[in-house]
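Notes follow the structure.
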Amino acid sequence: MATGISFSVAATDGAARTGVISTPRGEIRTPAFMPVGTAGTVKAMLPESVAATGADILLGNTYHLMLRPSAERVAALGGLHRFMNWEKPILTDSGGFQVMSLGALRKLTEEGVRFSSHIDGSKHMLTPERSMEIQKLLGSDIVMCFDECPALPADEATVAKSMRLSMRWAQRSRDAFGDRPGHALFGIMQGGVTRELREESAEALKAIGFDGYAIGGLAVGEGQEAMFSVLDYAPGFLPEDRPRYLMGVGKPDDIVGAVERGIDMMDCVLPSRSGRTGQAWTARGQVNLRNARHKDDPRPLEEGCLCPACRSYSRAYLHHVVKADEIIGSMLLTWHNLHYYQVLMEGLREAIAGGRLAAFVSGFHAGRADGDVEPL
């Protein structure tokens, strides 16, 4: 890996593994869940609050930060770590997915993607070279190569064409990234749900050479069964001595299933987005605090949870502030959700290290099938 960044596997249990990514800004314990700080903030959370949940690394977004406040402005103000008051590692995605999902009037060419901002309609061009430049200006510890991510379902010819374009862009990203000690560049495997395309993509990325490898193009509409089917083989196409990152995943059962299949890193907006809509994730399933059944309930949201929402407030109070659209409702539920996700990751790491992953997974699913938690 890049000078100053290393990855070591401490233990395995089946395909699952636990280890550490060491960076100049600190260690990232794997399997790791990365809270999403899209525009330089994890919504409804202070950076120190995010750190208190156990997060070792955050994700920032190239697309959003290039539009507002601009990568150049962030660089002039000392880089993203200083700008958002986060001293630990930051991974930035390349912007490719957001251009696909948010950019209006999108025009794709071999050069890159020309699009109109979803904020003000201004015109922009994002290329592999520009994506590398933006992420350098931000000061990202882990940089993602620029790729094209088609929405699924899509026909195999479309997916193959897109994947091969992404592989050409991966080479351009590698060339533009250059030699940056203390910073890592990850390649992104594409290929939809077709094994042969996934393998072709992995071989192309390995020939280029990256510090870590992401599995992209999943959790984009294909469903959990199809995603797990790909994860049954795709991590095995990638080098064992490099981190494997599953992008944009996911629900707790997605995470557990991904870790079982050899994934080391994940990110998702779900825990913070759920917190802003009155939804909590617990060991027994989801809880919707908007439901009237909670209005007179003096119990904590989750017995035994050490987050502030559970230590100091009742379900009745959380129901009240959520229904009243008070900001503290979003703050407390987001903190709880991020805390729950990090507790889950710690449990997975300990289970792998102790050779108890199968029992842990069985208990995880059994706990969620039981209890009085209402479905959403």
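The values are calculated or read from the model by the stated rules, or taken from the named source; none is laboratory data. Model, not experiment: these values are computed from the prediction. Note that we place each Cβ from the backbone using ideal geometry, even for glycine, and neighbour counts take in every protein chain shown. Calculation scope for accessible area: heavy atoms of the full protein, side chains included, ligands and nucleic acids excluded. Shrake-Rupley method; radii C 1.70, N 1.55, O 1.52, S 1.80 Å.
Within segment 1-11, the set of residues being over 22 Å from the mean Cα position of the chain (by Cα) and open to solvent by 60 Å² or more (accessible area, probe 1.4 Å) comprises 3, 10. The residues of segment 177-201 that are part of a helix (DSSP H, G or I) and closer than 17 Å to residue 1 by Cα amount to a single one, 177. For segment 12-29, the set of residues classified as more than 24 Å from residue 256 (Cβ to Cβ) and open to solvent by 60 Å² or more (accessible area, probe 1.4 Å) consists of 24, 25, listed by residue number. For segment 121-144, what are the residues that are out of contact with any strand residue (DSSP E or B) (no Cβ under 9 Å at 6 or more places or on another chain) and touching a residue at least 60 places away in the same chain (Cβ under 8 Å)? Matches in segment 121-144: 133, 137.
Search segment 193-237 for residues being closer than 16 Å to residue 145 by Cβ and of a type in the set (Val, Ile, Thr), and hand back the single one that is surrounded by the most Cβ atoms within 10 Å (Cβ to Cβ). Looking at residues that are closer than 16 Å to residue 145 by Cβ and of a type in the set (Val, Ile, Thr), I get 215. The set of residues in segment 63-114 that are outside any helix (DSSP H, G or I), small (Gly, Ala, Ser) and over 23 Å from the mean Cα position of the chain (by Cα) comprises 78, 104, 112. Scanning segment 326-341 for any residue that is farther than 17 Å from residue 254 by Cα and over 27 Å from the mean Cα position of the chain (by Cα) turns up at least one such residue. Among the residues in segment 267-274, are any at pLDDT 95 or above, within 30 Å of residue 240 (Cα to Cα) and part of a helix (DSSP H, G or I)? Checked segment 267-274: at least one residue is at pLDDT 95 or above, within 30 Å of residue 240 (Cα to Cα) and part of a helix (DSSP H, G or I).
Looking across segment 238-281, the residues that are among the aliphatic types (A, V, I, L, M) and either more than 24 Å from residue 338 (Cβ to Cβ) or open to solvent by less than 10 Å² (accessible area, probe 1.4 Å) (or both) come down to 238, 246, 249, 255, 256, 258, 259, 263, 265, 266, 280. Among the residues of segment 98-120, are any closer than 25 Å to residue 249 by Cβ, of a type in the set (Ser, Thr, Tyr) and either in contact with a strand residue (DSSP E or B) (Cβ under 6 Å, 6 or more places away or on another chain) or crowded, with 24+ Cβ neighbours inside 10 Å (or both)? No, segment 98-120 contains no residue that is closer than 25 Å to residue 249 by Cβ, of a type in the set (Ser, Thr, Tyr) and either in contact with a strand residue (DSSP E or B) (Cβ under 6 Å, 6 or more places away or on another chain) or crowded, with 24+ Cβ neighbours inside 10 Å (or both). Condition first: within 17 Å of residue 54 (Cβ to Cβ) and not aromatic (Phe, Trp, Tyr). Can you find one or more residues in segment 352-359 that meet it? Within segment 352-359, one or more residues are within 17 Å of residue 54 (Cβ to Cβ) and not aromatic (Phe, Trp, Tyr). Candidates are the residues of segment 30-73 that are in contact (Cβ under 8 Å) with a residue 40 or more places away in the chain and hydroxyl-bearing (Ser, Thr, Tyr); the one that is most open to solvent (accessible area, probe 1.4 Å) is 41. When you look at residue 163, is it in a helix (DSSP H, G or I), open to solvent by 10 Å² or more (accessible area, probe 1.4 Å) and modelled with pLDDT of 95 or more, yes or no? So residue 163 fails the test. Of all residues assigned to segment 286-295, none qualifies as being modelled with pLDDT of 95 or more, closer than 17 Å to residue 50 by Cβ and assigned to a helix (DSSP H, G or I). Scanning segment 296-326 for residues that are part of a loop (DSSP other than H, G, I, E, B) and small (Gly, Ala, Ser) returns 304, 314, 324. Of the residues examined, residue 301 is one that is buried (at least 18 other Cβ atoms within 10 Å of the Cβ), in contact with a strand residue (DSSP E or B) (Cβ under 6 Å, 6 or more places away or on another chain) and either farther than 18 Å from residue 33 by Cβ or of a type outside the set (A, V, I, L, M, F, W, C) (or both).
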